[in-house]
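Working notes, beginning with the structure itself.
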Amino acid sequence: MKLALAQLDQTAGDVSDNLDRAATAVADATVRGADLVVLPELFTVGFFAFESYARAAEGLDGPTFARLSEMAADHGVGLLAGSHVEDLEASADAGVDVPTDEGYANTCVFYDRDGRQRAVYRKHHLFGYDSAEARLLTAGERLQTVDFEGFTVGMSTCYDLRFPELYRRLADRGATLVCVPSAWPYPRVEHWETLARARAIENLAYVAATNGAAEFEDATLLGRSTVYDPWGTTLASAGDDPTLVVADLDPDRIEAVREEFPALRDRRD
């Protein structure tokens, strides 16, 4: 499977402009043969544009999610659509099963090649340090995996990387590829690189960490989107400019590594 990580620039609060960037990236990734494209966390509004969250929020049947579905269907690719601010009340009104019927969530949706919603993940760990996310948003409660092109794909988001138990739970559910849409800022470059690599090594799984490349009033995203293999080896990575990161993933590689080094079988609870 060919995987593409879309490291996007973002305009704070401008959902339309940011969706246009995403559409261009998905089209470019398709030309390069991508089967699955992963977008960054809150790329639609910009993670640090906190004052725009409520204005941009919508239910899962809203126009932003509809356009993301169209991107997948128009190009015939799987799309892990980064994340957007979900209006939980609007989703509940549309018949969606939500953790609570009020407030907002940082919500990521996996779309199949036909644009169908296959899985929804709401960020579990909300960042509170020097950030308004924990005050403005509601944490998710459910993990999600989806089978795609020989992989069991798990979803997580940015700050989740600091909580290894979440990734072990995904491994226990059979995840062989975990995608991590993110909005990781400077100066924590070493944390970004070390944590994502560690999640791959300890779970003997591919990890695809997709970051933004954008500057906000109070923060700059550090880019460095990277794909790690089950040994923690870097397959493809980027600097801090907007770009596509493309890598070929082999589902048989997971079984081979886990057979050669059966650490998961040696666990003791």
Checklist entry - Taking segment 195-229 as the region of interest, how many residues are over 16 Å from Leu8 (Cβ atoms), over 18 Å from the mean Cα position of the chain (by Cα) and in a loop (DSSP other than H, G, I, E, B)? => result 3
Item to check | Sole residue being in a strand (DSSP E or B), more than 15 Å from the chain's Cα centre (by Cα) and either modelled with pLDDT of 95 or more or closer than 17 Å to Pro40 by Cα (or both), chosen from Leu235, Leu244 | outcome: Leu235
Checklist entry - Going through segment 148-202 one residue at a time, which ones are of a type in the set (S, T, N, Q) and surrounded by 24 or more Cβ atoms within 10 Å (Cβ to Cβ)? => result Ser156, Thr157, Thr176, Ser182
Next on the checklist: Show the residue pairs meeting these rules: Cβ distance below 8 Å; 6+ apart or different chains; first residue within segment 101-125 and at positive phi; second residue among the polar types (S, T, N, Q).
Outcome noted: Gly103/Thr138; Gly115/Ser69
Checklist entry - Within the set of pairs 6+ apart or on separate chains, which have a first residue in segment 138-159 that is more than 10 Å from Ala119 (Cβ to Cβ) and among the β-branched types (Val, Ile, Thr), a second that is surrounded by fewer than 15 Cβ atoms within 10 Å (Cβ to Cβ) and at pLDDT 95 or above, and C-beta atoms under 8 Å apart? => result Thr152/Arg173; Thr152/Gly174
Checklist entry - Is it fair to say Leu136 is within 12 Å of the chain's Cα centre (by Cα) and either farther than 21 Å from Leu195 by Cα or not polar (S, T, N, Q) (or both)? => result no
Next on the checklist: Please go through (1) at pLDDT below 95; (2) surrounded by 14 or more Cβ atoms within 10 Å (Cβ to Cβ); (3) among the charged types (D, E, K, R) for Glu141 and return the number of the only condition it doesn't satisfy.
Outcome noted: (2)
Checklist outcome for this item: For segment 197-242, the count of residues that are of a type outside the set (Gly, Ala, Ser) and at positive phi equals 2
Checklist entry - Can you tell me which residues in segment 12-27 are surrounded by 16 or more Cβ atoms within 10 Å (Cβ to Cβ) and either of a type outside the set (Val, Ile, Thr) or more than 18 Å from the chain's Cα centre (by Cα) (or both)? => result Ala12, Gly13, Asp14, Asn18, Leu19, Arg21, Ala22, Ala23, Ala25
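The values are calculated or read from the model by the stated rules, or taken from the named source; none is laboratory data. None of the values given here were measured: they were computed from a predicted structure. Here the Cβ is made from the backbone with ideal geometry for all residues, glycine too, and neighbour counts use every protein chain on show.
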